1. Reachable lysines from Lys15, Cα under 25 Å, same-chain residues fewer than 8 places away excluded?
2. Determine ³J(HN,Hα), in whole Hz, for all residues of the range 74-89 in sequence, where each value follows from phi through the Karplus function 6.51 cos²θ - 1.76 cosθ + 1.60 and θ = phi - 60°; x replaces Gly and Pro.
3. Let me have the relative contact order for the range 5-221, percent, based on Cα pairs under 8 Å that are six or more residues apart.
4. Please turn the phi angles of the range 318-332 into ³J(HN,Hα) values with the Karplus equation 6.51 cos²θ - 1.76 cosθ + 1.60 (θ = phi - 60°), one per residue in order, whole Hz, x for glycine and proline.
5. Given the range 5-221, what percent of its DSSP beta bridges are antiparallel, to the nearest 5?
6. Relative to the longest principal axis of the chain, what angle (0 to 90°, nearest 10) does the C-alpha long axis of helix 196-206 take?
7. Roughly how many debye, to the nearest 20, is the charge dipole of the chain about its Cα centre, given +1 on each Lys and Arg Cβ, -1 on each Asp and Glu Cβ, and no other charges?
8. Pull up all non-local amide H partners of Trp168: gap of 5 or more, or a different chain, and H-to-H distance under 5 Å with H placed in the peptide plane.
Amino acid sequence: MNPSVAVVILNWNGKAFLEQFLPSILRSEYDNLKIVVGDNASTDDSIAFVKANFPSIEIITNEINYGFAGGYNRILERVEADYYVLLNSDVEVIPNWIKPVIDLMEADDQIAAAQPKIKSYHSKNQFEYAGAAGGFLDIYAFPFCRGRIFNVYEEDQKQYEEQKEIFWASGAAFFIKSKYWKETGGLDADLFAHMEEIDLCWRLKNLGYKIMYCPDAEVYHVGGGTLQTENPFKTYLNFRNNLIIMQKNLPAGDAAFRILIRMWIDFIAWWHFLLTGKPKFTLAVTKGHWHFVKAIFKTAQKRQQIQKPYAEHAGVYNSSIVWAFFIKKIKYFNGLG
């Protein structure tokens, strides 16, 4: 029998997405599978809807909205399976989207987490923002993907068909062995949402585990289902959380230098928002930096004993993606060299 898999969908007021995408998830071809909707204290009727229309789906509820990270931590405490799949509610899947990833992960005990190919629900020949063909970081911890750099999305022309070790797997469709989830304590709830999967992957990599991309499975992601891209709170979370995960996971001798450079790069973004008439986003960057500084001692307590040299990790681009994209005009991953 295949290892047991629990596909866990965290829901918050997402009735429309559940109605639209649960049918495709229920058609998943895997013989040791359970599907769980974990609810983050929704105020709509999404849970009543699931109970009435999808009685085979297990429902686990949180009493308040703990965000993406805290919500999943509390839900998964009550789920038993060999593998967890954290799946966004705004994702459509194909029938055979689980087994190729599980087969890849079963082949190597050092593989802790993985993701399928993630493409756009609205343009199914195009890679999608949240994961594409696997996540990478540059030397200043800017995340980007094979198939998506900043706002440029590649068409899938079978250019990323090899299984590959990456830096981070997308939280939109995140496969993880439950034993490694428990070993690391899951997601960092203080991050609330955004970059928590990168932090978890980084911690796993510092412990010597691998993160993989599986091209033989595809899912289609709507994106921006809970927090829209043009949202100052999302900007705040991204700027704050990026600095926090750098402090948590970089070697001590490396962290201060890279964080200082990163904050100066963020300052350029601050000016860009100001000069383009987006004062709320300017404030979001300022607030993100301030809250990073306020939490610096708390974050220091979270550092693990092991921080491997950054350049040793697979999935690190040993240059600046900002410089490559905006100055050198490199728009596609394969042009990075």
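No value in this document is a laboratory result; all are computed from the given coordinates. A quick note: this is a predicted structure, and the numbers were derived from the prediction, not measured. Don't worry about glycine lacking a Cβ; one is built from the backbone with ideal geometry, like all the others, and counts go over all protein chains shown.
1. Lys34, Lys51, Lys119, Lys124, Lys234
2. In residue order, the calculated couplings are 6, 5, 6, 4, 10, 10, 10, 6, 6, 10, 9, 10, 8, 10, 4, 5 Hz.
3. 26
4. 7, 7, 9, 5, 5, 5, 4, 7, 8, 9, 7, 6, 8, 9, 10
5. Roughly 45 percent of the DSSP beta bridges within the range 5-221 come out antiparallel.
6. 80
7. Dipole of the chain, to the nearest 20 debye: 1280 debye.
8. Amide H neighbours of Trp168, under 5 Å, 5+ apart: Gly135, Phe136.
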